[in-house]
Amino acid sequence: MSFEDLLRWLGRHPGGLTLALALPPLLCLLLRGIHGRAGGSAAPWRYVYGVCIYWVSIPGIFMGTLLAYLCFFRNADLLKLNLLTHFLPVLSMGITLALIRGNVRTLDDIPGFDRLSGLLTLLALSFAAAFFLQRLHIGIVFLGDFGNLLVLASLCFAAIQWALRRLGGEKSRAPRDP
């Protein structure tokens with residue numbers, strides 16, 4: 001089974017996918033009613049929010065990357081894509097993150113969110129670099145001088161190194177709860 005077959009199958013059986021992606025935002029709304037505004041930073045709730053974030057972020061990031069790939073590299077027609085399988089994961093991720101942001105003091109209170117934001121940054125930088133190099137073809141070799149190549153390589157290295165540090169998390173931070 002290829003990934004394209006999996007997307008077609010999910011498009012033909014929309015109930016499970018819709019339920020799985022609608023549950024985290026609904027859970028965030030329910031939890032806000034239980035603990036109140038900005039009360040989600042407390043010990044039991046922030047772990048539930050951590051699960052919700054990863055629940056929607058993994059398919060959301062994946063489909064967002066796939067959509068960007070289809071648009072920029074494959075020149076796919078967005079009007080022919082299945083709304084449920086291609087756009088619902090990204091929409092669910094956005095809504096869930098917005099609801100969680102309103103339910104906690106800061107998203108840094110959620111365990112592992114700093115690593116997830118580092119992963120998003122690394123993914124965006126890698127995609128931008130791949131897109132740039134794909135559009136550049138080999139013009140930097142023939143048209144640019146060596147100094148431009150060094151500046152470009154230094155900027156890419158610094159950005160990816162920053163993202164990797166962010167992905168690794170802060171080791172010196174003290175635990176929040178005993």
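The values are calculated or read from the model by the stated rules, or taken from the named source; none is laboratory data. Quantities reported herein were computed from a predicted structural model and do not represent experimental measurements. Neighbour counts run over all protein chains shown; Cβ positions are idealised from the backbone, glycine included. Ligands, DNA and RNA are excluded from the accessible area calculation, which covers all protein heavy atoms including side chains. Shrake-Rupley method; radii C 1.70, N 1.55, O 1.52, S 1.80 Å.
A few remarks follow.
- Whether segment 28-89 is rounded, prolate or oblate, judged on the alpha carbon gyration tensor where a/c under 1.5 counts as rounded: prolate
- Rounded to the nearest 10 Å², the accessible area of residue 13 at probe 1.4 Å: 90 Å²
- The gain in end-to-end length when the residue 165 to residue 26 segment is fully stretched comes to 46.7 nm, 0.36 nm per residue minus the alpha carbon separation.
- Cα-based shape type of segment 1-138, given that a ≥ b ≥ c are square roots of the gyration tensor eigenvalues and the cut on a/c is 1.5: oblate
- Placing +1 on each Lys and Arg Cβ and -1 on each Asp and Glu Cβ, with no other charges, gives segment 1-113 a dipole about its Cα centre of roughly 240 debye.
- Inter-label distance for residue 105 and residue 47, nm, one decimal - labels placed 7 Å from Cα along Cα-to-Cβ: 2.0 nm
- Note: relative contact order over segment 23-129, using C-alpha pairs below 8 Å and six or more positions apart, is 43 percent.
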